[in-house]
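Asks: For reference, the structure I am asking about is given below.
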Amino acid sequence: MHRALGLNRVELILGVTVNVNAMESPYLDCIEACRKCIADCQYCLLQMSGRESKNDCPLCCILCIESCSAALQFLMADSQYAKEYCSVCAKVCQWCAEQCAQHDHKHCEDCANSCVKCMEECQKVVMMFSDEI
């Protein structure tokens, strides 16, 4: 419908205009890593509900979901601020991975692995902008 209007960037997700064809995005791997990290953090959070934790899990999952969601919005909007959001997201993902890796639960292990992958992909996005001032 929007393409008939001659618009090529009009899909709305959470109130943000994004690139309709994400397959053309240089951020595709990071976008997918953020989505996976969000899903695994949500599942870890659900599984940890009511359980005792010896560290910052599941708090780290809550904050990781928020930082990945923000980075995802800026990546999909091809925003000039994607670097900054990915930088913060990488730090939060690293922290969350460290926390979840300390637990023996499968969901925590999966979450930690997704966080590491997301951190790596966010760091790649940051490096894409390393030549810019």
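Coordinate-derived values only; no laboratory data. Values in this document were obtained by computation on a predicted structure and should not be read as measured data. Neighbour counts run over all protein chains shown; Cβ positions are idealised from the backbone, glycine included.
Asks: Mind jotting down the three principal axis lengths of segment 31-82 based on Cα atoms? Whole angstrom, largest first.
Replies: Sorted largest first, the three principal extents are 41, 16, 12 Å.
Asks: Considering only the other residues whose Cβ falls under 14 Å of the Cβ of K54, what net charge follows from Lys and Arg at +1 and Asp and Glu at -1? Display every interim value, and only then the final one.
Replies: Working: positive: R51; negative: E52, D56, E98, D104.
My count for the surroundings of K54 gives -3.
Asks: Moving on to the next point. Taking neighbour Cβ counts within 10 Å as the exposure measure, how do Y81, Y43 sort from fewest upward?
Replies: Details: Y81 11, Y43 15.
The fewest-first ordering by Cβ neighbours comes to Y81, Y43.
Asks: Then there is this: If you project the alpha carbons of segment 27-128 onto the principal axes, what extent comes out on each, in Å, largest first?
Replies: 41, 19, 17
Asks: Moving on to the next point. Count the lysine pairs in segment 27-128 whose Cα atoms sit under 26 Å apart, keeping only pairs 8 or more residues apart in sequence or on different chains.
Replies: 16
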